[in-house]
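So the structure is just underneath, and the comments pick up after that.
The values are calculated or read from the model by the stated rules, or taken from the named source; none is laboratory data. Everything numeric here is computed off the predicted structure, so don't read it as measured data. Glycine gets a Cβ as well: all are built from the backbone with ideal geometry, and neighbour counts include every protein chain shown. All accessible areas refer to the heavy atoms of the entire protein, side chains included, with ligands and DNA or RNA removed. Shrake-Rupley method; radii C 1.70, N 1.55, O 1.52, S 1.80 Å.
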Amino acid sequence: MQMRQLGLSGLSIAPLMLGGNVFGWTADEAASHRILDAFVSGGFNAVDSADVYSAWVPGHRGGESETVLGTWLKARGRRDDVIIATKVGMWPARPGLPAANIEAACEDSLRRLQTDYIDLYQSHRDDAETPQDETAEAFDRLIKAGKVRAIGASNFDVDRLGSALAASSRLGLARYDSLQPAYNLLDRAIEGPLLDLCISQNVGIVSYYGLASGFLTGKYRSDADLGKSPRGGGMKKHLDSDRGKAVLAALDLVAAETAATPAQISLAWVMARPGLTAPIASATSLDQLEDLMGAARLTLTEAQMATLTAASA
C-alpha cells in the first residue's frame, strides 16, 4: 500500500480513510469489528470517528462510534497498526472549542477508545466564540502531554483556517496539519482560496462525502430508485440536475474502460486531485468495504480524469 504523508503531521496514511460514523449505528459492534479487521488486513490504516457519533439516532447519546472502535482496539491489540482520528466540538454534550471542553472531551474520547493517545484530534467545526489562541494552547498542551500526536480542523472556511494557522505560528504552538471538508465530483466548493491555502501551507486534506451520500455509487438512476435507502430523497436534486446526469454518464464511460465500479472511480478521482491526501468513506458490510478498497488499486488515466473533471465542473 502506497502511504501518504498527512501534511506536516508526521502521520502516514493509506489513500482511503474508513469512516466510523456507522459504528454502533447502521453497523452493530460485531459487523463493525469485521469491517475493521478486513480494512486493516487490506493494507489500510486510518479510521475516522468523532465524539458526537451517533447522537442523532433515537436512543443514542453520542460516543457510540468511539466505544465500538475502542472494543475493537482492545480485542485485537493492534493499536500501533492504525491511525485513529476523532473530533471534538460538535456534540451538544461537549460543545465548542474552549480549552476546558477540549481537554475534558479528550479524556472522554481516550476512555471510550481504550487507548492512551489519539493520533489525529480534530476541531469538528469552527467556534467563533472562543479565541483561537485559547484553542491552540489547549491542543498544544495535549500534544506535549502525549495524549495527542497531531491536530486537524474540519468544516473551517479559508479565513478561519488561515487565522488559526497564523495564531499557532505566532505563539509557537502546534498547528492544524489537516483539514476535513466535504469534497466529491458534485461538491467542489473547497477549490479556490481554501484549497490553495492548504496546498501552500502543506495542510493535508482528508475529505468526507466522497460518494455524495451514495449518489456517486450509481445506484440512483430514476425516481423509482430513490426509495432504495433512507437517503434516497436527498438524491433527487442530483438526479434531476444536468450536472448530476453528466457525472453519471462520465462515470459509466470510465467504468466501461476500466471495469471498475462508479464508487471506485469516484473515490479514485478524489485521491488523484491536487492537495487531497485521502477521502473518507463508510461501509456497513464486507461487500461494500471491498468495493471501496478497490478505489486505492485503481489508477485513472489523464484522459479519464479530464472526462470526470469536465463533467463535474
Quick one: in region 122-139, which of the residues that are open to solvent by 20 Å² or more (accessible area, probe 1.4 Å) and more than 24 Å from the chain's Cα centre (by Cα) is nearest to R94 (Cα to Cα)?
E129
So V40, is it modelled with pLDDT of 95 or more, open to solvent by 10 Å² or more (accessible area, probe 1.4 Å) and in contact with a Gly (Cβ under 9 Å, 6 or more places away or on another chain)
no
Out of (1) at pLDDT 95 or above; (2) more than 21 Å from R297 (Cα to Cα); (3) open to solvent by less than 50 Å² (accessible area, probe 1.4 Å), the one A249 does not meet is (3)
For the structure I just gave you, tell me whether D80 is closer than 23 Å to L289 by Cα and without any contact (Cβ under 8 Å) to a residue 40 or more places away in the chain.
yes
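For region 283-308, which residues satisfy the criterion of being surrounded by 15 or more Cβ atoms within 10 Å (Cβ to Cβ), assigned to a helix (DSSP H, G or I) and not aliphatic (A, V, I, L, M)?
Within region 283-308, Q288, D291, G294, Q304, T307 qualify.
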Would you confirm whether or not region 243-259 contains a residue that is among the aliphatic types (A, V, I, L, M), assigned to a loop (DSSP other than H, G, I, E, B) and over 30 Å from A166 (Cα atoms)?
yes
Please name all residue pairs, on different chains or six or more residues apart, with Cβ atoms under 7 Å, provided the first residue is in region 157-176 and is within 18 Å of L11 (Cβ to Cβ) and the second residue is open to solvent by less than 40 Å² (accessible area, probe 1.4 Å) and part of a loop (DSSP other than H, G, I, E, B).
S168/A174; Y176/V203
Of the residues in region 199-210 that are touching a strand residue (DSSP E or B) at 6+ places or on another chain (Cβ under 6 Å) and of a type outside the set (S, T, N, Q), the one that is surrounded by the most Cβ atoms within 10 Å (Cβ to Cβ) is G210
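For region 77-94, which positions are out of contact with any helix residue (DSSP H, G or I) (no Cβ under 7 Å at 6 or more places or on another chain) and either closer than 21 Å to A150 by Cβ or at pLDDT 95 or above (or both)? Give the derivation first.
Of region 77-94, the ones out of contact with any helix residue (DSSP H, G or I) (no Cβ under 7 Å at 6 or more places or on another chain) are 77, 80, 83, 85, 87, 89-93.
Within region 77-94, D80, I83, A85, K87, G89, M90, W91, P92, A93 meet the criteria.
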From the list D196, D240, exactly one residue is out of contact with any Cys (no Cβ under 8 Å at 6 or more places or on another chain), farther than 30 Å from Q5 by Cβ and surrounded by fewer than 22 Cβ atoms within 10 Å (Cβ to Cβ). Which is it?
D240
Flag for A246 being of a type in the set (G, A, S) and touching a residue at least 40 places away in the same chain (Cβ under 8 Å)
yes
Go through (1) open to solvent by less than 40 Å² (accessible area, probe 1.4 Å); (2) in contact with a Phe, Trp or Tyr (Cβ under 7 Å, 6 or more places away or on another chain) and name the single condition F156 misses.
(2)
Residues that are hydrophobic (A, V, I, L, M, F, W, C), more than 19 Å from the chain's Cα centre (by Cα) and open to solvent by less than 40 Å² (accessible area, probe 1.4 Å): does region 262-281 have at least one?
no
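Test of understanding: among V52, V22, which residue is out of contact with any helix residue (DSSP H, G or I) (no Cβ under 6 Å at 6 or more places or on another chain), touching a residue at least 60 places away in the same chain (Cβ under 8 Å) and farther than 16 Å from Q288 by Cβ?
Exactly one of V52, V22 is out of contact with any helix residue (DSSP H, G or I) (no Cβ under 6 Å at 6 or more places or on another chain), touching a residue at least 60 places away in the same chain (Cβ under 8 Å) and farther than 16 Å from Q288 by Cβ, namely V52.
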